[in-house]
Structure formats: structure tokens, C-alpha cells
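Step one of this worksheet: look at the structure below.
Quick note: the coordinates plus some simple rules give every number you see, no bench work behind them. As the structure is a computational prediction, the values presented were derived from the model and not from experiment. Quick reminder, even Gly has a Cβ in these numbers, built from the backbone with ideal geometry, and neighbours come from all protein chains shown.
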Amino acid sequence: AQKITQTQPGMFVQEKEAVTLDCTYDTSDPSYGLFWYKQPSSGEMIFLIYQGSYDQQNATEGRYSLNFQKARKSANLVISASQLGDSAMYFCAMREGNGGSQGNLIFGKGTKLSVKP
Amino acid sequence: DTGVSQDPRHKITKRGQNVTFRCDPISEHNRLYWYRQTLGQGPEFLTYFQNEAQLEKSRLLSDRFSAERPKGSFSTLEIQRTEQGDSAMYLCASSLSSGPLGAQYFGPGTRLTVT
């Protein structure tokens, strides 16, 4: 069963506007972490933001925020005030367990974001 | 501030040849991961090390693949008898094992093309 689902293969957003990238996940482990990464055309995966399953508040990191809805098993990324440099692939990922034996990340298929001037 | 580095960045090889990739993690990170990414997909986990111990291997890691981290610092990933299906981007990442965050920081990747 797919553990991370990103239903939007591609998204367009006007420069300076906000955009939400969807991510739903599936796990039976009560302890897990959710991550978002950005992958520009150069190929390097850039860590953006993290949300732990026990975190009470939604994570924020500059223009990035994570809309965490635990009951719905969703962890959407919100980018505010989009910039041209935000154009890239965005991947949602999950790590089950609290950094213990399950150390690897499980990634979704990604969403390609294009920012229009 | 030195991030994760990988060498080479690109490798073209003929089917049947052996290739070896190197990854140098962030110096204080004790965990090191290898992932493979094919076109249009997210990265898929291959294996990871804590210090020099290889703790987990994916079923994707066939017998033709071997990874080492002999002194708990850099790591190598070797593919023997390469096949065209091995063509992909091979990504290395490192992290600290302590704490709940444990964000993995990725290198630029090695793009392998098997002809």
C-alpha cells in the first residue's frame, strides 16, 4: 500500500501568491515524522520542514508552513508569497518510529511547482 | 560549512561493467543513507549505516549491490555487472541519530547511465 500520496503531479502559482501542496500518509505507527523536501532541477534534495506526530502545533519555517491534520492523515505544505526560485519538485516524506530502527524515509511521487511571473 | 558530497556527479558505463560511487557525509553525522531515484519518482531507500554498521537493506538492493562504510565516515556504493535498469540518480544523505527530528541532508547525487 502506498504510504505517501501526493495527488497533484503539477501545480501553477502566480508569483507572490500562496500555494498549498497536498500530502496524505498512511501508517499504523503512533510515532512518526513528516518531512518536506524541495528538489530543483539541479537534483539536490533540500530539507524544508519537519512535523512530528506528537507535535501540538503546526510547524513553520520562514515562508513554509505545514498544515498537519492528524485525524485526516494529511500534512500539506503551504508556501506563502511564492517566488520564482520556488519552482521545483516538492516531495513529502515520512519516517516511521522516533528515529529508532526505522530510519529511512518513504517518499511520495512529488509535485512539480511552477511559479509564474 | 561542508554539506554532503558525492563523487562522481555523472557516470556513463556499459552494461556489464562495475561502478563505484562515493559519499562523504556531514562530518558530525553518524547515520548515512543511500537512495535511488528514477525519473518521475521520489527517492527509494536502499540501505543505511549507523557509524560503520549497516543496519538495514532494502529488498531493492540486489546481490549486485554492495555498500560499505569502513571507518564510519565516507561510504561507497558498488554496483556489479550493471544493467540498463540500474540507470538512475543515486542519492546519499546523512543525519544525526539522536533526537526526534533526525532530518536527512542530501548530497547532489550521482547520475548513472548504463548503455
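What to note about this one:
- Site pair A:Y54 and A:Q83 shows an inter-label distance of 3.5 nm when each label is modelled 7 Å from Cα along Cα→Cβ.
- Projecting the Cα positions of B:G42, B:G72, B:N30 onto the charge dipole of chain B (unit charges on Cβ atoms of Lys, Arg, Asp and Glu, taken about the Cα centre) puts B:G42 furthest along the positive direction.
- Bridgeable aspartates and glutamates around B:K71 (alpha carbons under 16 Å apart, same-chain partners fewer than 8 residues away excluded): B:D24, B:E28, B:E52.
- Each of A:M89, A:G62, A:A18 was scored by the projection of its Cα onto the charge dipole of the protein assembly as shown, and the greatest displacement toward the positive side belongs to A:M89; charges sit on the C-beta of Lys, Arg, Asp and Glu.
- Taking a straight Cα-Cα cut-off under 19 Å and skipping sequence neighbours fewer than 8 places away in the same chain, the aspartates and glutamates within cross-link reach of A:K16 are A:E61, A:D86.
- The charge dipole of chain B, taken about its Cα centre with unit charges on the Cβ atoms of Lys, Arg (+1), Asp and Glu (-1) only, comes to about 380 debye.
- Efficiency of FRET between B:S66 and B:D7 - r from beta-carbon atoms, R0 25 angstrom, step 0.05: 0.90
- Taking 17 Å as the straight-line reach from the Cα of A:K3, the lysines in range (excluding those fewer than 8 positions away in the same chain) are A:K70, A:K73, A:K109.
- Placing pseudo-labels 7 Å out from each Cα toward the beta carbon at B:L39 and A:N67 gives an inter-label distance of 3.4 nm.
- Rounded to the nearest 0.05, the FRET efficiency derived from the C-beta distance between B:E28 and A:F12 at R0 = 41 Å is 0.55.
- Long-range tail of P(r) for chain A (Cα pairs > 19 Å, %): 42 percent
- Within a Gaussian network of chain B (alpha carbon springs, distance under 10 Å), most fluctuating of B:L39, B:L55, B:L96: B:L39
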